[in-house]
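Student: Pasting a structure below so you can have a look.
The values are calculated or read from the model by the stated rules, or taken from the named source; none is laboratory data. Computed from a predicted model, the values in this text were never measured in an experiment. A quick note on method: Cβ atoms are made from the backbone with ideal geometry, for glycine too, and the neighbour counts reach across all protein chains shown.
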Amino acid sequence: MGIIITEVELEKDLPFLAEINRRTFLQELPSHFAYRPSLDTRHELATFFQNRLVGRLSQPHARMFKAVDQDTNRISGFACWRRVNNDGEPAVPAQATAKAMASLPPFMNAEFTAATGAEVKQLEDHMKGEHYYLTAFAVDPDRQDKGIGSQLLKYCIQIADDAGLPSWLVAFPGSHSLYLRHGFIDVDHRDNDLNAWDNNRCRGYGIYRACAMSSSALLKSHSHSRVEQAPIHNTSSVSTMGSKSFDVAQQTVVFSSVFTLLAILSLSVHIMVRLFLLRTRLGFDDWLTAAAFVIALVLVAQTIWAVTNERQGQHVASIIPAQFELIAKICIYFKSLLVHEELWALVNSLIRLSALITIKNIFGVIRKYRIWSNVVMALSIAHGLSTILVGALVCRPLNAAFDPNAKGVCINQIASFVAIEATGLALDLLILAVPFLAVPQLQMPRSSKCITIFVLSAGALVTIITGLRIAALHRVNSLDVTYDQAYLGLLSTLGALTSIIAACIPSFSAGYHHMDRRRKEKTNAAVSKCTQWPPPEHVSGPGLAKFSFDSASLSVANGDTDLES
């Protein structure tokens, strides 16, 4: 495939350029808030972009270039490159901006467009002196990731270099890494909280960062010193994080798979000990653990799906623009933070009830611990029901939590989930407190007490994971939403599966002691058999015994003794 860079023939090329602009616009996350398709009944978005491109090209000293495929003669991308003179002329005249805002069609969200436009204008204020400015840049979504954008960008940069002028642009997450590869550096940035525009429904939008970037050598030297003093935490600008991103995604899959296998083995041993060693029926606590395991498997499947299909675990900078549409429109039930938190809460609620039933069976003979278990059990049930209720009422109507185009009101999901998580952590601590208080009162050796406390408090590791999850929930709306949601998913799968394993550990101990007791009984029986007098194999009923020796015999029959020598 050969690409030719030539100047645009506006009258001939405008419809094709506008269509590329329209498609690239729709694949970016802000389009969900800037564009209202329900109001675009006449399908005029392409016309809107035609007018916009005409406005860009009509600015002083603006040139537009197109990338044409030599084989198909098809336009694959374009760039508008404008020389801004050193006379105080802004990159985009304020008069033109005001006129454009006033002429926005009804299907464009004027409030959102004005807010984002103001942020871009603040970034343009850094562009002082004579320079070149990239006012428009787009590559056909079907031809992205094929080097076309790089060729267009190199062509424009060469023009600026030949003129001895710096190059400026405003970068968005989808193309930020491209500009970094071609020598641009960050000068300043503005963060647009798309989740706030989405009424805090936490559907994965997060922070959308715009960066003012320049290829000026002078600015590069100044920027390096600025980064050392006060680094800009722009996750999308870290071009060397690809391997770390891959590590998080890979670790999520590996650890989820390993801990799932351990949970399966633990639950299998738990059931075998109950049914075949102890020969008891499965209790209600066992069925709760099994139910929690099934839900945990769904949670694991959701997490692995998100990593392999939604690009979670990768930094925003490593995701090409065409994949942002996939992130925004992937199966909502596997992507939603709401579903994720509901599954996590259900697993923990079932495990808490199972643990409380076990503790009540062990320490229920002591009145205060019986009451303690009943109260915490009631609180755990209320906590589980409240979690389901929050999930049902987090948005009104409920589909507003999933459908990007749905209109509705949502509460702050993050605050709600953090409150639920903190309450669950408090319940876990109340459950863990029982063994530490009750076991020391038992009449047993100190070593046995320590082992018993360890077995019954194995779930303490889950409380640590819960604490980490609370911190991770605050990162869901971070600059690097795809990376941080994978971290939350990893903690959730580890926490859920670890709780299953911890719930089965008492059966390991019970099975071990049962087999050890049977081994000792067999040993004692064998020892007794060798030392008992008379030997039991010569005892034939009450009052009847018969002893045989090589040199003499002693017979006792029906109480009559006859001694022969």
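Student: Please go through the range 1-14 and pick out each residue that is touching a residue at least 60 places away in the same chain (Cβ under 8 Å) and surrounded by fewer than 14 Cβ atoms within 10 Å (Cβ to Cβ). Don't jump to the end; show me each part of the working.
Tutor: Step one: list which residues in the range 1-14 are touching a residue at least 60 places away in the same chain (Cβ under 8 Å), which gives 1-6, 8, 13.
1, 2, 4, 6, listed by residue number.
Student: Residues in the range 56-64: is at least one in a strand (DSSP E or B) and surrounded by 20 or more Cβ atoms within 10 Å (Cβ to Cβ)? Even if it seems obvious, please write down each step before you answer.
Tutor: Step one: list which residues in the range 56-64 are in a strand (DSSP E or B), which gives 62-64.
This time we only want the ones that are surrounded by 20 or more Cβ atoms within 10 Å (Cβ to Cβ), so: 64.
Among the residues of the range 56-64, at least one is in a strand (DSSP E or B) and surrounded by 20 or more Cβ atoms within 10 Å (Cβ to Cβ), which makes the answer yes.
Student: Count, please, the residues in the range 129-170 that happen to be assigned to a helix (DSSP H, G or I), under 18 Å from residue 181 (Cα atoms) and in contact with a helix residue (DSSP H, G or I) (Cβ under 6 Å, 6 or more places away or on another chain).
Tutor: Selection size over the range 129-170: 1.
Student: Being within 21 Å of the chain's Cα centre (by Cα), more than 24 Å from residue 352 (Cα to Cα) and among the hydrophobic types (A, V, I, L, M, F, W, C) narrows it down to one of 296, 292, 249, 301, so name that one.
Tutor: Residue meeting the stated conditions: 249.
Student: Name the residues in the range 180-233 that are part of a strand (DSSP E or B) and either over 31 Å from the mean Cα position of the chain (by Cα) or modelled with pLDDT under 60 (or both), would you? Full working, then the answer.
Tutor: Here is the first cut: in the range 180-233, the residues part of a strand (DSSP E or B) are 185-193, 207-214.
Hit for the range 180-233 is 214, nothing else.
Student: Just to check your reading of the model, which residue among 53, 39, 29, 17 is buried (at least 21 other Cβ atoms within 10 Å of the Cβ), aliphatic (A, V, I, L, M) and at pLDDT below 90?
Tutor: Numbers: 53 fails: at pLDDT below 90; 39 fails: buried (at least 21 other Cβ atoms within 10 Å of the Cβ); 17 fails: at pLDDT below 90.
Of the residues listed, the single one that is buried (at least 21 other Cβ atoms within 10 Å of the Cβ), aliphatic (A, V, I, L, M) and at pLDDT below 90 is 29.
Student: Still on this structure, please answer the following. Only one residue in 167, 177, 214 is buried (at least 18 other Cβ atoms within 10 Å of the Cβ), farther than 18 Å from residue 129 by Cβ and among the polar types (S, T, N, Q). Which one?
Tutor: The unique qualifying residue is 177.
Student: If you go through the range 1-14, how many residues are part of a loop (DSSP other than H, G, I, E, B), at pLDDT 90 or above and either outside the structural domain of residue 75 (by TED's automatic domain parsing) or under 18 Å from residue 153 (Cβ atoms) (or both)? Can you show your working first?
Tutor: Filtering the range 1-14 for residues part of a loop (DSSP other than H, G, I, E, B) gives 1-2, 8-9.
Narrowing the set further to residues that are at pLDDT 90 or above leaves 8-9.
With either outside the structural domain of residue 75 (by TED's automatic domain parsing) or under 18 Å from residue 153 (Cβ atoms) (or both) added as a condition, the list becomes 8.
Looking only at that region, the number is 1.
Student: Restrict the check to the range 493-509 and report whether at least one residue is touching a His at 6+ places or on another chain (Cβ under 7 Å), hydrophobic (A, V, I, L, M, F, W, C) and assigned by TED's automatic domain parsing to the domain that holds residue 372.
Tutor: Scanning the range 493-509, I find at least one residue that is touching a His at 6+ places or on another chain (Cβ under 7 Å), hydrophobic (A, V, I, L, M, F, W, C) and assigned by TED's automatic domain parsing to the domain that holds residue 372, so the answer is yes.
Student: Quick check: anything in the range 185-200 free of Cβ contacts under 8 Å to residues at least 60 places away in the same chain, surrounded by fewer than 19 Cβ atoms within 10 Å (Cβ to Cβ), closer than 23 Å to residue 29 by Cα and in the same structural domain as residue 8 (by TED's automatic domain parsing)?
Tutor: Yes, there is a match, as at least one residue in the range 185-200 is free of Cβ contacts under 8 Å to residues at least 60 places away in the same chain, surrounded by fewer than 19 Cβ atoms within 10 Å (Cβ to Cβ), closer than 23 Å to residue 29 by Cα and in the same structural domain as residue 8 (by TED's automatic domain parsing).
Student: Still on this structure, I have one more. Do the conditions hold for residue 126, that is, is it under 24 Å from residue 62 (Cβ atoms), assigned to a loop (DSSP other than H, G, I, E, B) and touching a residue at least 60 places away in the same chain (Cβ under 8 Å)? If you could, list the steps in order and put the result at the bottom.
Tutor: On the way: under 24 Å from residue 62 (Cβ atoms): yes; assigned to a loop (DSSP other than H, G, I, E, B): yes; touching a residue at least 60 places away in the same chain (Cβ under 8 Å): yes.
Taking the combined requirement at face value, the residue satisfies it.
Student: Within 16 Å of residue 391 (Cα to Cα), in the same structural domain as residue 396 (by TED's automatic domain parsing) and assigned to a helix (DSSP H, G or I): which single residue out of 415, 426, 433, 438 fits that description?
Tutor: Just a single option satisfies the conditions, and that option is 415.
Student: Moving on to the next point. Looking at (1) closer than 30 Å to residue 353 by Cβ; (2) at pLDDT below 80, which is the one condition that is false for residue 492?
Tutor: All conditions are met except number (2).
Student: So, one more: Residue check: is residue 57 within 12 Å of residue 78 (Cβ to Cβ) and either outside the structural domain of residue 137 (by TED's automatic domain parsing) or among the hydrophobic types (A, V, I, L, M, F, W, C) (or both)?
Tutor: yes
Student: Consider residue 162 carefully, then state whether it is of a type outside the set (Gly, Ala, Ser), in contact (Cβ under 8 Å) with a residue 24 or more places away in the chain and over 29 Å from residue 50 (Cα atoms).
Tutor: Working: of a type outside the set (Gly, Ala, Ser): yes; in contact (Cβ under 8 Å) with a residue 24 or more places away in the chain: no; over 29 Å from residue 50 (Cα atoms): yes.
No, not satisfied.
Student: With the structure loaded, tell me whether residue 29 is under 22 Å from residue 116 (Cα atoms), touching a residue at least 40 places away in the same chain (Cβ under 8 Å) and outside any helix (DSSP H, G or I) or whether it fails that test. Give the steps one after another, and end with the answer.
Tutor: Values: under 22 Å from residue 116 (Cα atoms): yes; touching a residue at least 40 places away in the same chain (Cβ under 8 Å): yes; outside any helix (DSSP H, G or I): yes.
Yes; evaluated as a whole, the condition is true for this residue.
Student: So the check is Cβ under 7 Å with 6+ separation or different chains; which pairs have a first residue in the range 378-395 that's within 10 Å of residue 413 (Cα to Cα) and a second one that's of a type in the set (Ser, Thr, Tyr) and assigned to a helix (DSSP H, G or I)?
Tutor: Short answer, once both residue conditions are applied: 390/416; 394/416.
Student: Follow-up. Go through (1) closer than 27 Å to residue 252 by Cβ; (2) at pLDDT below 60 and name the single condition residue 537 misses.
Tutor: (1)
Student: Take the residues in the range 254-283 that are β-branched (Val, Ile, Thr) and buried (at least 18 other Cβ atoms within 10 Å of the Cβ); name whichever of them is modelled with the lowest pLDDT.
Tutor: Checked the range 254-283; the qualifying residue modelled with the lowest pLDDT is 273.
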